[in-house]
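The values are calculated or read from the model by the stated rules, or taken from the named source; none is laboratory data. Being a predicted model, the structure only gives us computed values, none of them experimental. Reconstructed Cβ throughout: ideal geometry from the backbone, glycine too, with neighbour counts over all protein chains shown.
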């Protein structure tokens, strides 16, 4: 009877030991993580952000790779749906360029009807903001093509 009680106590004690050791291990791990976070906060406060910048750059690179793979998969497709997927960006660009052209021509005609000279009207319509937006769109389309060609070599 005594051996049964001792065996039961040892069995129960043996089953509790892993839980106790896991508790202390988790506590030590949490303490270490807290110290690590505090040290990172101190380093960031002191201006050492290179590790965070590195991780941000790695994330941006992975996102860029994923987008390239997605574009490649779209370009490899065939059929109506694949053609529709390929045409989304160009169609949206053409639509917005058409809208831009209609607005600019309408504003130019309105300015000319009000008696303003064509050079003054064009200077007002083709301002710095419009030039910047137009340059960004053209650079996006032709710059991305040049970069894709350079990457493929």
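Values for this structure:
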{"quantity": "Leading residue by the ranking (modelled with the highest pLDDT) among those in segment 92-119 that are within 20 Å of residue 71 (Cα to Cα) and surrounded by 11 or more Cβ atoms within 10 Å (Cβ to Cβ)", "calculated": "94"}
{"quantity": "Residue check for residue 152: modelled with pLDDT under 80 and farther than 21 Å from residue 93 by Cα", "calculated": "yes"}
{"quantity": "Pair list, Cβ under 6 Å, 6 or more apart: segment 95-114 residue outside the structural domain of residue 133 (by TED's automatic domain parsing), other residue at pLDDT 95 or above and surrounded by 11 or more Cβ atoms within 10 Å (Cβ to Cβ)", "calculated": "none"}
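To keep it simple, each residue is scored yes or no on (1) loosely packed, with under 10 Cβ neighbours inside 10 Å; (2) modelled with pLDDT of 80 or more.
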position	(1), (2)
8	no, no
22	no, no
29	no, yes
32	no, yes
38	no, yes
46	yes, no
62	no, yes
65	no, yes
68	no, yes
